[in-house]
């Protein structure tokens, strides 16, 4: 199929501005008769057609943004939502939030409900169920309708859209390097199955940091839980079966549970064993001792995601130019507290 010509291409060929082309095609009195005839003839010759779907969307804005998050328990998602709402409200947008409860079916229902003329676009983090099923057809259907999506934190390469995330691999590397600097060598990882994009990247960083330090990777020191729920029996057995002097946890809830368990055994933190968890939330700050954490900067992530989406909504072209997408990476930082040796 022959690729359709765009306003930009017409402007380039005729050496005029895109605005001039657009006005000439609309028979504007601002444009000279010669220029209008030249533009209209060229457009007709190359079978130019305006993107009526985009024009329709531009004229039917709701000034509402749909946000879908996996849960409201994890502090990280609430901070991202705060960042989205703060930025969106400044520009006159309302935010409608739905919780998927880590369910594929609920995520699909939420999107179908909001896509029915209720919102101009979506900001979302994929549910565990969606990542486990590896089924993204509901997202593809939304984008094919011309509704923009920005994915944050849990993303997929299967969907062409804007994305914002932290460098999870590099964050895990920083954490493991902190342990090694403190003289720890029996470093464990408590994570989830790899269908979670964030868990996969954090495990990759864990492995890379150990390999770079010439520390042998002991697979028995990697505990993979089925999902983000705490399995106390599995964690108890893990610490009973392994000799460990440091633990990197994929989230702060895992870390706090692990810390409580080892302290009940009389193991001292950080003298005998150190802990670092992802997400610098309320639990991290008020744990005893305080949990050293990899801050994910949720508020900043939310602001960036909202900016990316609103730009897509407001600057949608009436032309069928090839869509471009970007991925913004936010660097994680380590917040040192009492669970590690400073």
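Here is a list of conditions, (1) touching a residue at least 24 places away in the same chain (Cβ under 8 Å); (2) outside any helix (DSSP H, G or I); (3) over 20 Å from the mean Cα position of the chain (by Cα), and residue 209 meets all of them except one; can you say which number that is?
Residue 209 satisfies every listed condition except (2).
Suppose we keep only residues that are touching a residue at least 60 places away in the same chain (Cβ under 8 Å) and within 21 Å of residue 301 (Cα to Cα) within the range 98-146. Which one would you say is surrounded by the most Cβ atoms within 10 Å (Cβ to Cβ)?
123
Which of the numbered conditions does residue 32 fail, given that it passes all the others? Conditions: (1) within 18 Å of residue 299 (Cα to Cα); (2) modelled with pLDDT of 90 or more; (3) surrounded by fewer than 20 Cβ atoms within 10 Å (Cβ to Cβ).
Here residue 32 clears every test but (1).
Check 338, 266, 302 and return the single one that is at positive phi and either part of a strand (DSSP E or B) or at pLDDT 95 or above (or both). Talk me through it step by step, then tell me what you get.
On the way: 338 fails: at positive phi; 302 fails: at positive phi.
Being at positive phi and either part of a strand (DSSP E or B) or at pLDDT 95 or above (or both) holds for just one of 338, 266, 302, which is 266.
Looking at the range 150-173, is at least one residue part of a loop (DSSP other than H, G, I, E, B) and more than 14 Å from the chain's Cα centre (by Cα)? Explain how you work it out, then say what you get.
Looking only at the range 150-173, we keep the residues that are part of a loop (DSSP other than H, G, I, E, B), and these are 153-161, 167.
Restricting the remaining residues to those that are more than 14 Å from the chain's Cα centre (by Cα) gives none.
Checking the range 150-173: not a single residue is part of a loop (DSSP other than H, G, I, E, B) and more than 14 Å from the chain's Cα centre (by Cα).
Among the residues of the range 160-170, is any exposed (fewer than 15 other Cβ atoms within 10 Å of the Cβ) and at pLDDT below 95?
Of the range 160-170, the ones exposed (fewer than 15 other Cβ atoms within 10 Å of the Cβ) are 160.
Add one more test, that the residue is at pLDDT below 95, and what stays is 160.
Yes, the range 160-170 contains at least one residue that is exposed (fewer than 15 other Cβ atoms within 10 Å of the Cβ) and at pLDDT below 95.
Output the number of residues of the range 103-118 satisfying the condition of being outside any helix (DSSP H, G or I) and either at pLDDT 95 or above or outside the structural domain of residue 311 (by TED's automatic domain parsing) (or both).
Step one: filter the range 103-118 for residues outside any helix (DSSP H, G or I), giving 103, 115-118.
From the residues that got through so far, the ones that are either at pLDDT 95 or above or outside the structural domain of residue 311 (by TED's automatic domain parsing) (or both) too are 103.
Counting residues in the range 103-118 that are outside any helix (DSSP H, G or I) and either at pLDDT 95 or above or outside the structural domain of residue 311 (by TED's automatic domain parsing) (or both) gives 1.
Looking at the range 245-254, is at least one residue touching a helix residue (DSSP H, G or I) at 6+ places or on another chain (Cβ under 7 Å), assigned to a loop (DSSP other than H, G, I, E, B) and buried (at least 22 other Cβ atoms within 10 Å of the Cβ)?
Yes: one or more hits.
Could you count how many residues in the range 180-205 are closer than 18 Å to residue 253 by Cβ and either assigned by TED's automatic domain parsing to the domain that holds residue 131 or buried (at least 17 other Cβ atoms within 10 Å of the Cβ) (or both)?
10
The values are calculated or read from the model by the stated rules, or taken from the named source; none is laboratory data. Not measured: the values here are computed from a predicted model. All Cβ positions, glycine included, derive from the backbone under ideal geometry; neighbour counts span all protein chains shown.
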